[in-house]
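These notes concern the structure reproduced below.
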Amino acid sequence: MESSFFAHETTVIDPDCLIGKGTRIWHFSHIMSGCIIGEQCSIGQNVVISPEVRIGNRVKIQNNVSVYTGVICEDDVFLGPSAVFTNVINPRSAIVRKDEFKPTLVQKGATIGANATIVCGISIGRFAFVGAGAVVTKNIPDYALFVGNPAKQSGWMSEYGHKLKFNPEGTAVCPESQELYRIENGRVSKIND
């Protein structure tokens with residue numbers, strides 16, 4: 001029987017995983033038991049997806065990423081090379097804390113840059129952008145740009161990944177898509193036609 005997804009021969013896929021149609025999994029990756037991976041995803045080399053992780057459709061996971069139990073990535077998320085998630089606030093080798101895993105939610109369209117670390121128990125908003133090397137320790141609102149260690153807000157991003165420049169009336173235009181955005185009460189939203 002032919003599979004509806006592609007997995008390189010060096011990939012290890014444990015039992016009880018659901019992997020969507022058109023997904024591609026590359027060299028030396030390990031997909032652990034109970035994972036759900038959506039359709040049309042791209043999972044790079046040497047990626048670890050721990051038990052019961054949920055990955056949406058069209059998610060791109062670059063090489064050397066670790067996605068630990070408790071993480072949910074919604075549709076269209078991008079995880080840059082060597083990004084890593086945690087799932088315990090105070091890990092110790094000699095103390096078992098598997099019952100203390102804290103959930104992390106990466107919402108639709110968010111980008112996490114190369115070598116970023118996402119501390120567990122937070123939510124990264126829709127179309128948010130986490131810069132390379134950032135260490136995220138708190139919730140990130142929709143469309144926000146966060147950089148640094150610890151990560152702090154450095155602006156707002158469009159759905160196409162461009163930094164938004166708001167005029168005095170509180171509107172901005174994405175230079176690529178020409179879509180309009182509004183900032184009100186410290187929150188950004190796209191203005192629908």
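Rule-based calculations on the coordinates, nothing more; no lab input. For clarity, every value in this text was computed on a predicted model and none was experimentally measured. Every residue, glycine as well, gets a Cβ built from its backbone with ideal geometry; the counts of neighbours run over all protein chains shown.
Would you mind calculating the gained length between residue 179 and residue 36 on full extension (0.36 nm times residue separation, minus the Cα-Cα distance), in nm to one decimal?
Result: 48.2 nm gained on full extension.
How high is the relative contact order of region 79-193, given as a whole-number percent (alpha carbon pairs under 8 Å, six or more residues apart)?
Computed value for region 79-193: 16 percent relative contact order.
Contour minus end-to-end for residue 24 and residue 90, with contour as 0.36 nm per residue of separation and end-to-end as the Cα-Cα distance?
20.3 nm
If contacts are Cα pairs under 8 angstrom and at least 6 residues apart, what is the relative contact order of the chain in percent?
10 percent
Computed from the coordinates I sent, log10 I(q)/I(0) by the Debye sum over Cα atoms at q = 0.10, 0.14, 0.16, 0.18 Å⁻¹ equals one of (i) -0.43, -0.79, -0.98, -1.15; (ii) -0.35, -0.70, -0.91, -1.14; (iii) -0.54, -0.96, -1.16, -1.36. Tell me the label.
Of the listed options (i) -0.43, -0.79, -0.98, -1.15; (ii) -0.35, -0.70, -0.91, -1.14; (iii) -0.54, -0.96, -1.16, -1.36, (i) comes from this structure.
Provide the per-residue ³J(HN,Hα) series for region 30-35, in order, calculated from phi with Karplus coefficients 6.51, -1.76, 1.60 and θ = phi - 60°, each as a whole number of Hz, with x at glycine and proline positions.
With coefficients 6.51, -1.76 and 1.60, one gets 10, 9, 8, 3, x, 6 Hz.
If each residue's Cβ is checked for other Cβ atoms within 10 Å, how do 21, 190 rank with the fewest at the top?
By the 10 Å Cβ count, ascending: 21, 190.
Given a cut-off of under 8 Å on Cα pairs at least six residues apart, what relative contact order in percent is computed for region 37-134?
Computed value for region 37-134: 22 percent relative contact order.
Just to confirm my numbers, what's the Cα centroid distance between region 1-76 and region 118-193 in Å?
Between the Cα centre of region 1-76 and that of region 118-193, the gap is 27 Å.
Can you list residues from other chains, or at least 5 along the same chain, whose modelled amide H is less than 5 Å from the amide H of residue 157?
144, 145, 164
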